[in-house]
Ligand SMILES: NC(=O)c1ccc[n+]([C@@H]2O[C@H](COP(=O)([O-])OP(=O)(O)OC[C@H]3O[C@@H](n4cnc5c(N)ncnc54)[C@H](OP(=O)(O)O)[C@@H]3O)[C@@H](O)[C@H]2O)c1
Ligand SMILES: [Zn+2]
Ligand SMILES: [Zn+2]
């Protein structure tokens, strides 16, 4: 029975070190030794809950269950937000298993393990091989952040000729800039201030708009697509006038509040508001291949995976000082 270290949230938000014991491996389960974990904005929402945190895992296969088919000890793998789905519903059968009614996802299922840990046990069918071109630390943030923005850009018929807005240059946003630019899109970045301008341009932004103090925006050609990756709700009245008719907005931000948007400009321009959560496994695999091929890598800040290290990483993220994805590295 594998027993391993995990780091949980708690009421009040203090990070607590604990232990999880899982039954011996059955079926296609795989025991993974964690080598790196990304810190996603969504972890911030769960740090007040008594659950193991982290859902951007990377590691090495330590042991395989009796019915594993593809992985062996020593293989480098990652995992993300979804751990299991039913495999027989309409959504599973059409490669959209992130919408399976019986899905098992971070924050809802398997709360006794996550990627802020020394080890984890997951189904082989929900693990992803890490391409040779990426280190474990580089691969980890792709497992949620990368998958989420790639899915929006890949699964909804976005063209290389489209003008694509990316709002918020954080973990998701700085990857979205790279994916959209490498896809050939005309990338316009919207950020709170000018402080990330140079970095955004280096990552592939053709234009950069600092939003602070702006009452209206004029960007010339309007946006066909807007990916919103800010961690706080957005002033839609500022953004709707720069959307091209029939454009699509992906509000990727996680919020537990209502979504509210000016009604008339939205219907009069035929705007689509497209919900989207992480990525199905097939899209996730394409994302990793695309990242390896085009040398897309997160810009990282490393922290030790200890109670103090996780706390410091979360403080850095909350203070708006992360550049651009925190990665926790186990200390053993
Ligand atoms: N839909 C999904 O499947 C999915 C998956 C993963 C994460 N998410 C969500 O996506 C959001 C971004 O995640 P992340 O990991 O990229 O977070 P992050 O690294 O904190 O980035 C968020 C960015 O939002 C901007 N921002 C920060 N505070 C803000 C404020 N008070 N008002 C407006 N903008 C602010 C900042 O960019 P600037 O400095 O450029 O303004 C910041 O870098 C979170 O809400 C997260 O929960 C959704
Ligand atoms: Zn995430
Ligand atoms: Zn299903």
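All of the numbers you see were taken from the coordinates with simple rules; none came from a lab. Because the structure is predicted, anything quoted here is derived from the model rather than measured. Don't worry about glycine lacking a Cβ; one is built from the backbone with ideal geometry, like all the others, and counts go over all protein chains shown.
Structure notes:
- The C-alpha atoms of the chain define a longest principal axis, and helix 307-318 lies at about 10 degrees to it.
- The share of Cα pairs per 10 Å bin across the stretch 148-273, counted from zero up to the longest distance, runs 13, 49, 34, 3 percent.
- Residues 82, 302, 199, arranged from fewest to most other Cβ atoms within 10 angstrom of their Cβ, appear as 302, 199, 82.
- Neighbour-count ranking [beta-carbon atoms within 10 angstrom, fewest first] of 315, 257, 136: 257, 315, 136
- Where a label projected 7 Å from the Cα of residue 332 along Cα→Cβ would reach, residues of the stretch 1-25 with amide N under 11 Å: 3-6, 20
- Relative to the compact-globule estimate of 2.2 N^0.38 Å, the Cα radius of gyration of the stretch 38-148 comes out at 1.05.
- Residues of the stretch 258-297 with an amide N closer than 18 Å to a point placed 7 Å from the Cα of residue 246 along the Cα-to-Cβ direction: 266-274.
- Using alpha carbons only, the radius of gyration of the chain set against its Kirkwood radius gives Rg/Rh = 0.97.
- Cα centroid of the stretch 6-21 to Cα centroid of the stretch 218-292, whole Å: 34
- For the chain, a Gaussian network of Cα nodes joined below 10 Å ranks 194, 258, 24 by mean-square fluctuation, and the top entry is 258.
- Extension gain (nm, one decimal) between residue 157 and residue 16, 0.36 nm per residue minus Cα-Cα: 46.4 nm
- Estimated from helices alone, the mean residue ellipticity of the chain at 222 nm is -6500 deg cm²/dmol (sum of -39500 (n - 2.57) over DSSP H runs with n ≥ 4, per residue).
- Neighbour-count order for 1, 301, fewest beta carbons within 10 angstrom listed first: 1, 301
- With a simple spin-label model that places each label point 7 Å from the Cα along the Cα-to-Cβ direction, the separation between residue 26 and residue 264 comes to 6.1 nm.
- Principal-axis analysis of the Cα atoms of the chain puts helix 171-182 at an angle of about 70° to the longest axis.
- Max mean-square fluctuation residue, GNM over the chain, Cα-Cα springs under 10 Å, options 195, 125, 231: 195
- Cα long-axis angle, helix 281-294 against the chain (0 to 90 degrees, to the nearest 10): 70
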